[in-house]
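Working notes, structure below.
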Amino acid sequence: MKKLIALFLLLFTLSFVQFQEVSAAFRLYETTKETTFVEGVRHTKIVGSIDMDGLVTNQVINYIGANVKSFSDLNVIVSDNFQDHSWRMSGLPVIIDRVHARYDHFRVIGGVNGDFYDINDTGQPLSLHVRDFEVIQRGYGTNRNAVGFKDNGDVVHGIPTFDGYELLVYNDEGQLKKRIPVNRINQVPQNENEIAVFFNNSLVALPELYNKVVLDGIETKINKNLSGYFGKGTLVETTTDVVEIGSTQFVIVGNNFNNDQLISENDYAVVQLGLGGAWDDVRYAVGSDAQPLVIDGKANLTLNAGASWDFPAPRTAIGIKTDGTIFFVVVDGRNKPDGMDGVKLRELGEIMAHFGADRAYNLDGGGSSTMALKDIESGEYVILNTPSDLRIRSVANGVFFVKGELAEIPAPIPAWPDTREQLLSPSNPFVDSQGVLHFGSVEGSISYSVVINGKETVVADNQLSLQLPIGSHEISVRAKGGALYKSSEYTQEIVYNVYPQDIYKFLELLKGFAAQNVTP
């Protein structure tokens with residue numbers, strides 16, 4: 001009888017618990033498994049246990065993933081909530097808000113915390129951090145991995161390749177005017193052909209006679225150990241006089257540099273450590289731990305370093321599948337009473353291999369591990385895991401699935417000096433009675449820039465249906481020339497007034513009355 005009861009219990013247990021094997025030494029038991037989809041992103045939550053070399057631990061695992069190659073309006077980005085001229089730590093929901101403030105065309109679906117960071121001081125990430133092609137942080141040392149995301153959905157991973165510091169000059173349309181190597185940072189040029197860039201932490205006097213191009217920083221970043229610099233700014237002046245670098249400024253120094261007005265009043269310039277090789281066209285990138293979790297679809301069982309690598313802890317990881325799927329995993333930990341034991345890094349590698357990763361990397365874990373997902377009904381963001389600090393920890397950055405097309409990269413100017421013919425401005429802009437803006441087409445234009453109250457909308461044709469609130473609106477238009485032509489000047493502003501419907505009807509009535517009483 002006891003044997004029959006034991007057999008019944010065994011059969012009942014096997015029917016309730018799903019058994020999955022990833023390798024001979026690892027097993028994952030799923031007590032419960034729930035899967036939902038949010039705007040193309042899959043969320044799976046597993047409550048169960050793992051068996052690693054005979055050691056059984058209880059685990060709660062959350063997964064979100066999507067194949068971004070299948071949808072042009074589904075992308076992966078890396079973001080932060082840094083201050084303009086310093087670093088800053090923020091909780092994942094705050095970073096999500098910053099994504100929305102930074103990009104009108106993106107809405108976050110979900111994401112996780114990102115790189116390890118200087119938690120006790122500056123909050124800067126320890127490895128590569130690229131935001132919209134801008135290398136904000138190069139990272140410390142030369143052995144830390146990163147994961148980079150390209151516009152076509154490809155993912156590059158491993159140790160980044162750098163090509164040295166570079167100066168990128170863009171016009172007001174975001175067209176690259178010229179890329180120039182930067183020979184020195186905070187050091188005097190060694191000959192008349194070199195250019196150097198000085199930041200406000202420089203202890204070296206700026207050389208006399210050389211041109212000094214002073215830029216007001218839109219954003220500047222300096223590594224804590226002074227191994228990396230980033231500057232983005234607009235022109236203040238070009239001078240040979242003595243210059244004192246302001247707290248948010250940087251200065252480009254070179255013999256006769258900018259005599260050709262390469263950097264002009266409406267331009268902006270970027271100084272950064274340029275990426276090279278397979279990393280050259282990476283748009284976003286996040287740093288990771290020193291050793292991969294998964295290599296060629298198998299857990300890296302030779303892994304022997306990393307953040308508390310041989311101790312169970314909450315973990316965050318990123319995985320890439322061979323079909324282009326990108327996914328994030330958070331394993332809860334430090335909460336045994338609720339079945340959240342946490343995992344060692346080799347165990348995390350097995351879990352990532354279980355989910356189909358061809359390659360996977362460890363992100364910051366412990367109390368930093370956080371996964372957020374948009375709630376379809378409320379539109380709010382729900383924290384899916386149980387943070388071990390019992391609160392959302394402030395972190396350096398995050399990696400997110402976003403809904404929305406990537407902003408198009410403007411065609412660069414073919415050569416400098418710019419000898420292209422400039423287009424004529426669109427003629428006769430006006431708004432008709434139906435609220436549609438019209439203007440004359442311009443031969444050679446690739447599109448038109450319509451600026452309404454200082455905000456740009458790009459349209460393919462020479463008209464735009466306006467959906468504007470009640471009030472007065474200033475509108476100007478320019479023809480965009482792409483690579484072949486210089487864009488036109490903006491037209492003179494026209495003022496378009498939107499009235500409440502009853503006032504509008506009254507004005508139309510007055511117009512009709514006036515027309516009927518015109519003296520012949």
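The values are calculated or read from the model by the stated rules, or taken from the named source; none is laboratory data. The shown structure was predicted, so the numbers you read here are calculated from the model rather than taken from an experiment. A quick note on method: Cβ atoms are made from the backbone with ideal geometry, for glycine too, and the neighbour counts reach across all protein chains shown.
Of note:
- Any chance residue 190 is in contact (Cβ under 8 Å) with a residue 40 or more places away in the chain and either in contact with a His (Cβ under 9 Å, 6 or more places away or on another chain) or of a type outside the set (A, V, I, L, M) (or both): no
- For beta carbons closer than 6 Å, sequence separation of 6+ or different chains, a first residue in the stretch 67-94 that is under 21 Å from residue 373 (Cβ atoms) and without any contact (Cβ under 8 Å) to a residue 60 or more places away in the chain and a second that is among the hydrophobic types (A, V, I, L, M, F, W, C) and not in a strand (DSSP E or B), the qualifying pairs are 81/94; 81/95.
- Of the residues 241, 260, 281, 216, the single one that is in a strand (DSSP E or B), surrounded by fewer than 17 Cβ atoms within 10 Å (Cβ to Cβ) and not basic (Lys, Arg) is 216.
- When 413, 392, 409 are checked against the criterion of being surrounded by 13 or more Cβ atoms within 10 Å (Cβ to Cβ), touching a helix residue (DSSP H, G or I) at 6+ places or on another chain (Cβ under 7 Å), at pLDDT 95 or above and among the β-branched types (Val, Ile, Thr), a single residue qualifies: 392.
- Residues (over 27 Å from the mean Cα position of the chain (by Cα) and among the small types (Gly, Ala, Ser)) located in the stretch 396-417: 415
- Sole residue being part of a loop (DSSP other than H, G, I, E, B) and within 25 Å of the chain's Cα centre (by Cα), chosen from 420, 393: 393
- Taking residues in the stretch 342-354 that are β-branched (Val, Ile, Thr) and at pLDDT 95 or above, and partners anywhere that are buried (at least 24 other Cβ atoms within 10 Å of the Cβ) and assigned to a helix (DSSP H, G or I), the pairs with Cβ atoms closer than 9 Å and at least 6 places apart or on different chains are 343/350; 343/351.
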